[in-house]
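Each value in this text was obtained by applying a stated rule to the coordinates, not by laboratory testing. Small disclaimer: the values here were computed from a predicted structure and weren't measured. Neighbour counts run over all protein chains shown; Cβ positions are idealised from the backbone, glycine included.
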């Protein structure tokens, strides 16, 4: 019987990536119109994007360890 993957991590990871990407895109457009450096915006939103990638990676790693 195949082990079930933890879909909670995948859903949370994808949600963080989508929300972080949307926030970053809106902030980038507003930064360009105001004249603020885009790198500042990326650094501010980076933890949200990194959190999404970490949760997606955790979902993959847990699935592998369950397959033993």
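Taking the beta-carbon count within 10 Å as an exposure proxy, list 28, 22 from fewest neighbours to most.
Working: 28 15, 22 11.
Starting with the residue having the fewest Cβ neighbours, the order is 22, 28.
Using 0.36 nm per residue and subtracting the Cα-Cα separation, the extra length available between residue 46 and residue 11 on full extension is 10.7 nm. Subtracting the Cα-Cα distance of residue 30 and residue 58 from their residue separation scaled by 0.36 nm leaves 6.8 nm.
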